[in-house]
Each structure stands twice: as structure tokens, then as C-alpha cells.
Amino acid sequence: MRAIVCNVLAGLDGLALEERRDPGAPGPGEVRLRIAAAGLNYADLLVTQGKYQVKHEPPFVPGFEAAGTIEAIGPQVTKLKVGDRVIAIPEAGGFADAAIVSADRVYPAPAGLDAAHAAGFPIAYGTSYVALVEQAKLQAGETLLVHGAAGGVGLTAVEIGKALGARVIATAQAEALWRAGTAAFVDVMPHVPRPADLPAGTIWRGKPRRNIPGSVWLADTGYGELAASTAEYFAAGLERITGGDRAKVVVIYCQRDCWMSWNAAKRAISLGYAAVAWYPDGTDGWEEAGLPLSEATPPPRPHE
């Protein structure tokens, strides 16, 4: 059979179209899939570079999502049958004419969805669904900020967010809000102050912070649990930057992959703010978009 094989962990340069041995018959709990189309994702590039969390030793056939028809089923498979049109999320092997896939990673393809569209469905939509529904528990009326809404996950996040009844904004809209001055931007990046017990004359150089101009930096307010004084500091900071308007759009951020901003966003919603947007890429994404950053200092905290 034909397959795209990763012979060297060098990204695209390590791939080759080759003839490979047929995968044979499925074992217990497996199905044999005749692949009609395969999806291509950023994770596929990472795995061919050895940078993905799932590691494969070359040579291997990459491909995390595919669509096709079941050719054979193994023992203990009861919910699928030969001839079913399906979508599969194999751990690898999607970039081939056929593959053996665990039955618990194979799902019926919706009627009317052709193979090409079905193959591109599970990773992008699945990622967005898990993020918004299972992790974020997005609710109708909340605001969702999607950075990079032109990509697969970004586009599907917009669609799912709208279906859930959320207000959805992308980075360009966030920039427009910032330029118009109609949203409050809140940075929750942690900040280490000068230790109070440093000997006199000791030089202290704190780590500088550059954030989105016009933001208020409410440092250390994104931890999972806050001391009462820090919670009051956060509430007072939001009150100050919004002027007490609970309907004002509040964009909360930190830096990329900093879950403190997510904690703070949920905390703001619990305080009654109705238009909270979480900006997960934070200052990293903002700077990458060519937007300005400015030196920042947090307002004094209760212990300072």
C-alpha cells in the first residue's frame, strides 16, 4: 500500500511517499480502515519533528485523523460493522491507503459529510469543543476571545462559541476595542516585589513587565486560591478600571499558556461582570501581532 513515511525527525524534509507492507487483519478491539482522506494538522508537523507529546520512532506513518470505510472488524467489536463510513482518530497511520485503528477511536461519519470534510473534522472541532465546553464551561452571554480565528481551531472555536450563545471576539476585534478605548484590559501576571528584609544598600532589580498599554496590572490575582486581601485587591481593581460598569467588556490576560488569566476571568464573572473575555495568548500573542507594549508597574498590593 502507499503511505507517507517519516524516516527522519526533520519535519517535511524527513517525509517520503513509499510502498509499505499491508497492515493485515485487525486484532481484538480493532478495525481495518480503507482510508479515503486524511486531515493535516499542526500536531502532524510537530510529531514529524519529534516535538509532540506523543513520540514515535522512525520510520513511522504519521496522521492523526482520517475518514474512510471499514473493511474488516476484529473480535470484541460490536458497535461497528464492515461497510460503515467512519471518522477515525488513530494515534498514527492516517497518511496511508489503509490502517488498523482501535475501535474506540472510530466514529460513524455524519450523513452528507463527504470524506474530505469528515477527515478534517475531529481534531479541530474536538479541540475547540473540549476547551470551550469541558474545560471552560462556556455559557450563553459570556464573551469568548479567540486569538488566531483564521486557523482550524480558531474557526471552529468561533462556530462552537456562537452555537453556545457566547459573545465571540477575535484578536482584530480586541485590537479595535483597545484602540477605541471601549474595553478594560487587565493583566494578572505575577510580580515579585522587593523583599522587605533585604539589608540596607542591597541592589534589587525586579523583573520588568511590558503589557498592553492602558491596562491595569493586578498582579498575583490569577492563582487558584486567593487570600481575602488579594481577592479584595482584585475586586477593587476591576471596579476602578470599569468605573463600576458590570457590562463593560473586560479583557483579562497574562502571557501565553498562563492559566492564571483563565482563573482571573472566571473570578471576574463570579463578581458579576457580564462581558469578560479571556485572552489566552496574552502579551506574547499581542507582540507577535506587531502591537505595542509598554512598561508596567502594578498598583501597590495589600502587603506592600
Any residue on another chain or 5+ positions along whose placed amide H is under 5 Å from the amide H of residue 143 is listed here as 167, 276
Quick one: dipole size for the chain, taken about the Cα centre, charges +1 on Lys/Arg Cβ and -1 on Asp/Glu Cβ, in debye to the nearest 20.
440
Based on the mean of other beta carbon atoms within 10 Å per residue, what is the order of 51-59, 69-77, 122-130, most packed first?
122-130, 69-77, 51-59
Residues meeting the amide H criterion for residue 36 (H placed from the backbone, H to H distance under 5 Å, 5 or more places apart or on another chain) are 67, 68, 69
Which residue, chosen from 300, 6, 112, occupies the Cα position most advanced towards the positive end of the dipole of the chain, where the dipole is computed from +1 (Lys, Arg) and -1 (Asp, Glu) charges on Cβ about the Cα centre?
300
Run the helix sum for the chain: -39,500 (n - 2.57) per DSSP H stretch of 4+ residues, divided by residue count, reported at 222 nm to the nearest 500 deg cm²/dmol.
-7000 deg cm²/dmol
So which aspartates and glutamates can residue 79 reach, going by Cα to Cα under 14 Å and dropping same-chain residues fewer than 8 places off?
30, 104
In vacuo Debye scattering of region 123-295, one point per C-alpha: log10 I(q)/I(0) at q = 0.08, 0.10, 0.19 Å⁻¹?
-0.25, -0.39, -1.28
Could you sort out which of 55/207; 55/162; 162/266 sit more than 27 Å apart by Cα distance in this structure?
55/207; 55/162
Pairing the Cα long axis of helix 260-270 with the longest principal axis of the chain, what angle in degrees results, from 0 to 90 and rounded to the nearest 10?
70
In nanometres, the difference between 0.36 nm per residue of separation and the alpha-carbon distance of residue 130 and residue 236 is 34.9 nm
Per residue and in Å³, how big is the convex hull formed by the alpha-carbon atoms of the chain?
186
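Every number here is computed from the coordinates shown, using simple stated rules; none is lab data. It should be emphasised that the depicted structure is a prediction, and the values quoted were computed from it without experimental measurement. Counting neighbours? That spans all protein chains shown, and the Cβs are built from the backbone with ideal geometry, glycine included.
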